[in-house]
Structures are given as C-alpha cells and as structure tokens.
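K.L.:
Next up is a structure, given as structure tokens.
No value in this document is a laboratory result; all are computed from the given coordinates. Worth saying up front: this structure is predicted, and the values here are computed from it rather than measured. Glycine also receives a Cβ, built like all others from the backbone with ideal geometry; neighbour counts cover every protein chain displayed.
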RNA sequence: CGGGAUGUAGCGCAGUUUGGCAGCGCGCCACGUUCGGGACGUGGAGGUCCGGGGUUCAAAUCCCCGCAUCCCGACCA
C-alpha cells in the first residue's frame with residue numbers, strides 16, 4: 001500500500017467493528033445492521049427505500065402473519081387507486097389539515113397541467129369513503145370489512161430507513177358499521193387480536209398498548225389506539241394504530257344506510273394500519289453487536305444447514321430436506337468454495353436463528369454442531385435427533401426473545417409523580433391528571449411525548465376523559 | 001425554512017490549504033495457494049472529480065452561479 005495513509009491501512013479492521021452500539025449514536029448502529037444484514041438501501045429519491053431480497057423476505061413473513069389474522073376476522077382484501085383527487089381530502093376538515101404538510105401532489109400529467117391536483121395517497125380513508133358511499137345502501141350491507149396492502153407516500157421532513165421513509169408499504173384496514181358500539185368493538189378487536197398477536201407472538205416484541213392523547217390522535221379520528229414498543233436505546237416506537245373514526249368520514253363522504261325502521265343513518269367507520277416500520281422495530285428491539293437476531297416465527301429462514309466440506313453436501317441436502325418435511329423453513333448452504341467463516345458471519349448478520357454446521361468430523365461421529373444465533377452458544381446433537389431438537393429450540397428461541405423484550409420494557413419503566421422528574425431513556429408512568437395537555441406541551445419542548453394512556457389496570461381506556469388514566473411518557477422515533 | 005457539513009470508481013474515502021500524469025481500501029474479474037469462524041499472492045477491469053460559467057499555459061483543486069445529499073432543529077396523524 002505505497003503512499004497509503006495509516007487510516008487507510010486499517011480500514012478493513014475498522015469495518016469489522018462498526019456494529020458496536022453506543023447510546024449516543026444508535027441510529028448509526030441501526031443503519032449498519034440494515035446494510036450488513038443486506039435488508040435495504042436508500043432509494044434514488046430522498047427518503048425512499050429499495051428493499052433487497054432478505055429484507056423483502058422478512059417483510060413478506062410479517063405480511064403473511066398479519067394477513068392471516070385479518071382474514072380470520074372476516075375481512076376481504078381490495079385494491080384502491082394510488083392517485084386521489086385533492087378535493088377528496090378536503091371533505092374531512094381535520095384530515096386535510098393534518099396531512100397537508102406532507103402530501104405529494106401531482107399537478108402535471110399527460111403533458112398538461114391538471115384541472116385538479118392529484119394526491120399520491122398518504123392513506124386511503126378518503127378514496128375508500130367515496131366508494132363506501134356507493135357500496136353501502138341498507139343495513140344488510142353492514143358491516144363492510146375491507147383491507148388493502150399498498151404503498152403510501154408521506155413527505156416527512158426527516159426520513160430514516162424502515163422507521164420513517166417517504167414511501168412505505170403497509171396494510172390498511174377500513175370498515176363501516178351500523179353503530180358506534182360495533183365500530184369500537186372492531187377497533188379493539190383489531191388492536192388486541194390482529195396487531196397484538198402479530199407484534200407480541202410473531203415478532204416477540206413486548207409493547208405498551210393504550211389510547212393516544214388528543215395531540216397524537218390520527219387526523220379525522222375520534223379515538224386512536226396504539227402499540228408502543230421500546231427499542232434498545234430506550235426510545236419508543238409506534239408499531240401499529242387502530243382508529244375509531246366515529247361518523248367523521250361518514251358525514252364528509254355521505255356514507256349512509258337505511259336501517260330496519262326505514263330511517264336513513266350515517267355509518268360508523270374504523271381504520272387501522274401496520275407498516276414496513278415493523279422491520280425497523282425488529283432490528284432495534286432484537287439486534288445485537290453481531291447484527292440482526294430474528295424471532296423464528298417471522299424469520300424467512302429458520303435454520304441454515306452449512307456443509308463445511310464438499311464431501312458432506314449430500315448428507316447436508318438430506319438433512320435440509322428432512323427439516324423442510326418437518327415444517328421447518330430450512331436453507332442449504334453448500335457454497336463450500338466460500339470460506340466457512342465468511343458464510344457463518346453472513347448468516348449471523350442476517351439473523352437466522354439456528355445454524356447447523358456439518359463436516360466430515362461431525363459425520364464420522366454421527367453428530368451435527370448446532371449454533372444458536374440469539375445466545376451465540378453451540379451444542380452437539382445426534383444426526384438422528386436433530387430435527388426434534390431444532391423444533392424445540394425454535395420455540396425456545398422465540399420465547400427467549402420475547403422474555404428479553406418484556407424484561408427490558410419492565411426494567412426501563414419508571415413510576416414518577418411529577419413531569420419534572422422525567423429525564424433519560426425508557427418509559428415513565430405518571431398519572432394523566434398530573435400531566436394534562438399543558439404538561440404534554442412542556443414535555444414536548446424537552447423531546448418527550450405522551451406515548452399513550454392506559455387504565456389503572458393497564459387496560460385499554462374507552463375514552464380520554466376517564467379519571468384513572470396513567471400516561472406512558474418517553475422519547476420516541 | 002434556520003444552523004452546520006458534504007459531493008472524486010459499485011461502496012467507503014484521500015487528494016483541494018500551496019493549480020502540474022486520477023489515487024487508496026473494500027468489492028468485482030482471472031490464475032494459483034488456501035478455505036472446521038470475516039484467507040493470501042500475482043495480474044486485471046472499472047472515472048461526466050455533482051452541473052454550468054469564469055480565471056489560467058494548465059483546474060478535482062481558485063472565483064461566481066446552480067443542484068443534490070447528510071447531520072442538528074422545527075415537523076413526524
């Protein structure tokens with residue numbers, strides 16, 4: 001390296017150590033995991049994102065789990081237009097006011113200026129509300145349960161890969177009901193079943209579930225429920241929201257039905273969404289110094305079978321097949337022309353929960369070496385019993401990751417009596433009566449927000465006016 | 001929009017102060033040796049130095065204008 005500066009000479013060494021997380025530069029660590037796990041890269045336009053195969057496979061797994069749960073609650077999938085006439089947004093006053101600053105508008109198309117600008121959808125309440133007004137006539141048309149998987153655009157000022165991109169992919173559910181009670185029940189069912197199960201049971205992330213304050217409520221909603229996860233650096237992240245929209249959109253779009261008494265009534269609607277942000281949450285909640293750690297339920301590959309030497313690839317292929325027949329998402333790595341260390345590191349960075357390493361020495365002993373990604377430990381298991389052991393261990397790893405998430409959330413939650421005592425990372429529990437909207441504004445000046453309100457039993461409140469509410473306060477992404 | 005930086009090979013960067021052959025690491029290609037935890041050697045390919053204008057014998061480098069990106073803040077329904 002003639003003429004090379006000292007810094008240049010140790011660049012390869014430094015490159016191996018960039019994953020070390022430090023509180024003050026956690027986002028940097030996060031970006032390194034995204035890059036080294038080969039999940040995604042920044043897109044050509046500001047704040048956009050190109051998802052790479054491993055990142056997409058992970059998102060696809062999350063989608064599959066969420067979609068199955070949505071279908072189980074009786075919803076049908078639909079597809080609505082990407083472009084929405086600007087006038088649609090203006091039909092609900094709070095909605096347009098809330099979204100205006102971050103809208104992407106198409107003003108020119110087909111070689112001429114458009115008579116009316118088109119909004120690239122930031123969410124689809126308006127265009128779906130327009131359809132609902134035609135699709136719903138009588139009470140026999142209710143409830144109407146729709147879900148859409150789509151990309152939406154919100155021109156946020158500070159994009160961050162996966163966590164807040166200008167364009168993101170999500171699932172948005174939209175429903176219409178005959179009564180307020182039914183709409184509220186739907187909102188809570190989605191929140192407690194579809195979303196909580198997806199986040200807690202599939203992604204192994206423990207959350208605080210509650211009601212948003214007025215300040216944080218979705219533009220156009222009466223009530224917004226949220227799941228707030230706590231990331232490794234003590235900052236909270238909103239992982240999914242469900243909205244009871246009351247009759248706000250029903251009145252704006254004239255969505256009415258004739259009830260059993262031949263009276264025309266406005267419907268009650270809900271909407272709810274969960275996005276690619278959850279991939280970011282997964283990284284931030286479970287990642288460690290060696291990269292991503294994936295919970296087995298959402299891992300695109302749960303096990304990778306590594307052939308250490310060429311002569312064992314056949315037996316490794318058999319093992320891979322055996323695992324797949326046993327219902328395990330297994331992958332054979334027979335790239336023996338690439339060094340073992342490089343391959344092992346690649347699967348670690350990508351977060352595959354279990355690696356099975358099989359070489360001639362193992363084969364001679366009738367065993368296989370099993371490496372756990374979450375703990376970094378290795379064990380030797382007999383070749384005959386490996387499938388059973390793998391299945392048990394996948395469950396154990398899943399449980400262990402959730403337990404770690406729960407433990408972190410509990411350890412990082414502090415009870416305080418005054419707003420002034422809130423300082424540092426983690427959640428702070430404080431009676432909502434002692435905060436109020438004034439206290440909320442004061443907290444905002446110091447970078448804190450009320451993430452959500454819960455009842456004294458940690459349950460979901462039915463209204464923001466209950467007396468016993470506890471506020472969860474934290475810094476947030 | 002306010003404050004601060006940056007723009008040079010696919011990626012990460014040096015070179016700009018003091019104008020003088022376009023460089024380094026990683027990655028990529030070929031061959032060989034390796035390869036039970038991020039291998040090494042030799043050779044090679046790869047460039048609109050963000051764009052436009054100016055100064056000069058000569059500009060990545062100096063001057064002017066523009067554009068883009070990143071960081072801090074505001075904003076994040």
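K.L.:
Of A:316, A:452, A:202, how do they rank once you tally other Cβ atoms within 10 Å and put the fewest first?
P.N.:
Sorted ascending by nearby Cβ count, the order is A:202, A:316, A:452.
K.L.:
Separate question: Roughly speaking, what is the stretch gain from residue A:60 to residue A:403, that is 0.36 nm per residue apart minus the C-alpha to C-alpha distance, in nm to one decimal?
P.N.:
121.0 nm
K.L.:
For the range A:247-293, just run the numbers: alpha carbon Rg, then divide by 2.2 N^0.38 Å, N being how many residues it has.
P.N.:
After normalising by residue count via 2.2 N^0.38 Å, the value is 2.28.
K.L.:
Let me ask something else about it. Do the sum for chain A: with -39,500 (n - 2.57) for every DSSP H run of n ≥ 4, divided by all residues, what is the mean residue ellipticity at 222 nm, to the nearest 500 deg cm²/dmol?
P.N.:
So the calculated ellipticity at 222 nm is -9500 deg cm²/dmol.
K.L.:
If neighbour count is taken as other Cβ atoms inside 10 Å, put A:162, A:99, A:80 in order from fewest to most.
P.N.:
A:80, A:99, A:162
K.L.:
According to the square roots a ≥ b ≥ c of the eigenvalues of the Cα gyration tensor, what is the shape class of the range A:101-187, taking rounded for a/c under 1.5, prolate for a/b larger than b/c otherwise, and oblate for the remainder?
P.N.:
Taking the square roots of the gyration eigenvalues as a ≥ b ≥ c, the range A:101-187 is oblate.
K.L.:
I would also like to ask the following. With 17 Å as the cut-off, how large is the P(r) tail for the range A:128-277, expressed as percent of Cα-Cα pairs?
P.N.:
Roughly 64 percent, rounded to a whole number.
K.L.:
Could you work out how far helix A:432-445 tilts from the main Cα principal axis of chain A, as a 0 to 90 degree angle to the nearest 10?
P.N.:
Result, in degrees: 70.
K.L.:
Find the Rg to Rh ratio for the range A:333-477, where Rh is the Kirkwood radius over alpha-carbon pairs and Rg uses the same atoms.
P.N.:
Rounded to two decimals, Rg/Rh equals 1.25.
K.L.:
With r defined as the distance between the Cβ atoms of residue A:331 and residue A:262 and R0 fixed at 60 Å, what FRET efficiency is calculated, to the nearest 0.05?
P.N.:
0.45
K.L.:
Just to verify a number: FRET efficiency for residue A:290 and residue A:392, C-beta to C-beta distance, R0 = 22 Å, to 0.05?
P.N.:
Efficiency at R0 = 22 Å is approximately 0.40.
K.L.:
Rounded to the nearest Å, what's the spacing between the alpha carbon centres of the range A:38-91 and the range A:103-125? Just the number, please.
P.N.:
The range A:38-91 and the range A:103-125 have Cα centres spaced 20 Å from each other.
K.L.:
For the range A:281-347, what is the relative contact order in percent, using Cα pairs closer than 8 Å and at least 6 residues apart in sequence?
P.N.:
Computed over the range A:281-347, the figure is 30 percent.
K.L.:
Something else: Taking Cα centroids, how far is the range A:142-163 from the range A:432-469 in Å?
P.N.:
26 Å
K.L.:
Another question about this same structure. Given labels modelled 7 Å from the Cα in the Cβ direction, how far is it in nm from residue A:415 to residue A:434?
P.N.:
It is 1.0 nm.
K.L.:
Find how much the distance from residue A:181 to residue A:193 grows on full extension, using 0.36 nm per residue of separation minus their present alpha carbon separation; answer in nm with one decimal.
P.N.:
Extending this stretch completely gives an extra 2.6 nm.
K.L.:
By how many nm would the segment from residue A:141 to residue A:458 lengthen if fully extended, with 0.36 nm per residue of separation less the alpha-carbon distance?
P.N.:
Taking 0.36 nm per residue and subtracting the Cα distance, the gain is 110.5 nm.
K.L.:
With axes computed from alpha carbons, what is the tilt in degrees of helix A:26-36 against the longest principal axis of chain A, rounded to the nearest 10 within 0 to 90?
P.N.:
60 degrees
K.L.:
Would you kindly compute the Cα radius of gyration of the range A:429-468 and its largest Cα-Cα separation (Dmax), both in Å?
P.N.:
For the range A:429-468, the Cα-based Rg and Dmax read 10.6, 29 Å.
K.L.:
Another one. Principal axis extents for the range A:256-398, Cα atoms only, whole Å, descending order, please.
P.N.:
Principal extents (Cα only, largest first): 81, 32, 27 Å.
K.L.:
While we're looking at this one, here's another question. Could you give me the radius of gyration and the Dmax of chain A, taking only the C-alpha atoms into account and expressing both in angstrom?
P.N.:
When restricted to Cα atoms, chain A yields Rg and Dmax of 25.1, 90 Å.
K.L.:
Between the helical axis of A:386-411 and the dominant principal axis of chain A, each derived from Cα atoms, what acute angle in degrees is found, rounded to the nearest 10?
P.N.:
50 degrees
K.L.:
What ranking of A:319, A:145 emerges when the number of other C-beta atoms within 10 Å of each C-beta is taken as an exposure proxy, fewest first?
P.N.:
A:145, A:319
K.L.:
Now for a separate question. Evaluate the relative contact order of the range A:56-192 (contact order divided by residue number), counting alpha-carbon pairs under 8 angstrom at least 6 apart; express in whole percent.
P.N.:
24 percent
K.L.:
Residue A:247 versus residue A:441, label points 7 Å from Cα toward the beta carbon: distance in nm?
P.N.:
3.2 nm
K.L.:
Residue A:340 versus residue A:361, label points 7 Å from Cα toward the beta carbon: distance in nm?
P.N.:
For the pair residue A:340/residue A:361, the computed spacing is 0.6 nm.
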